[in-house]
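Colleague: Below: one structure in structure tokens.
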Amino acid sequence: RIAKWAVCCGYKDAECLMHLVACVTLRNGCAFTHLEALVSDEISAMGFAVQKSPEVVSLDLQQCLSTAADRLDGIRPDLIGETFLIRVVVGPKTRSEIKRYAIIARALAGADDAVITVLVRTAQDLAAGSADHPSVKWLRQTIQDSANIERLVRMANALPESTLALREIACEIYIRMVELRREVKDESEENRNRLAISLNNLYVRLRDLVRDEAALIAAAEALNLLRALVVECPDTF
């Protein structure tokens, strides 16, 4: 349907409009105030030959998708939108993994929380526990690239409390979080407490994966940190 609409609107490459629809879906929708910037950035980044202004392309997009009061929605229901998203972002076999993830990275830069929510939901719905599913690869790459603890916290919060399909991802989030907390050369009570909490959460995720030795090491370190805090600050801990 979108490809046919693209032809009717005079696009030489229907993939352009399909790509933009996928980008809106990846962001879980897009406010009208940000739509033209998204269109302009993606057309430039992907190298689409379009003889229309971002404003006109934005109007064409609004004919493809549902609109709310102030925003354009992604493809619904979610399963259809997620499947469409994977098909478009993966693209042809000649498209490298680097170029595929670049699409995800641009979306994360513009709508971090929404993109994480969509990727987690897509992995839950479609990956069936496979580490090779594109959504899982993109989540893993996002974890590896994250130098921001707050983003990792948001990723952890986006996961279900008990997850089978994404338990490896959950573990990797806390491994990365512990790494970043160690890199902060801050021996304050608050930072040591946060490190202990991250280690305790890592213990839980490692235990879920039956990686018992590593889980006990994480638990023991968390316990030592907390014991020291109790001695130093008994009123607080």
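The values are calculated or read from the model by the stated rules, or taken from the named source; none is laboratory data. Owing to the predicted nature of the structure, the values given are computational and were not obtained by experimental measurement. Because the Cβ atoms are built from the backbone with ideal geometry, glycine has one as well, and the counts that use them run over all protein chains shown. What goes into the accessible areas is simple: the full protein's heavy atoms, side chains included, and nothing from ligands, DNA or RNA. Shrake-Rupley method; radii C 1.70, N 1.55, O 1.52, S 1.80 Å.
Colleague: Suppose R0 equals 35 Å; then what is the FRET efficiency for V90 and S188 from their Cβ-Cβ distance, rounded to the nearest 0.05?
Modeller: My answer for the efficiency is 0.20.
Colleague: Then there is this: Just subtract the alpha-carbon distance of S40 and T236 from 0.36 nm times their residue separation and send over the number in nm, one decimal.
Modeller: Computed gain between S40 and T236 is 65.4 nm.
Colleague: Per DSSP helix of 4 or more residues, -39500 (n - 2.57); summed, then divided by the residues of the chain. What does that give at 222 nm, rounded to the nearest 500?
Modeller: Taken over the chain, the calculation gives -22000 deg cm²/dmol.
Colleague: Same structure again: First compute the accessible area of the stretch 15-146 with a 1.4 Å probe, then give the percent of it belonging to carbon and sulfur atoms.
Modeller: 54 percent
Colleague: Rank H133, H34 by accessible area, highest first, at a 1.4 Å probe radius?
Modeller: Putting H133, H34 in descending order of accessible area: H34, H133.
Colleague: Going from most exposed to least, what order do E161, E213, E172 have by accessible area with a 1.4 Å probe?
Modeller: If we order E161, E213, E172 from most to least accessible, we get E161, E213, E172.
Colleague: Follow-up. In Å², what does the accessible area per residue of the stretch 56-181 work out to with a 1.4 Å probe?
Modeller: 48 Å²
Colleague: Taking the chain as a Gaussian network, Cα atoms linked when under 10 Å apart, which of G81, G91, G29 shows the biggest mean-square fluctuation?
Modeller: Of G81, G91, G29, the most mobile in the Gaussian network model is G91.
Colleague: The stretch 72-125 to the stretch 154-188: how many Å between their Cα centroids?
Modeller: Going from one Cα centre to the other spans 22 Å.
Colleague: Show V88, V210 ordered by accessible area, largest first, where the area counts protein heavy atoms only and the probe is 1.4 Å.
Modeller: V210, V88
Colleague: Now for a different question. Taking 7 Å along the Cα-to-C-beta vector as the label spot, tell me the K99-E150 distance in nanometres, rounded to one decimal.
Modeller: Taking the simple label geometry, K99 and E150 are separated by 3.4 nm.
Colleague: Right, something else. In the chain, how many lysine pairs have Cα atoms under 17 Å apart, counting only pairs 8 or more places apart or on different chains?
Modeller: 4
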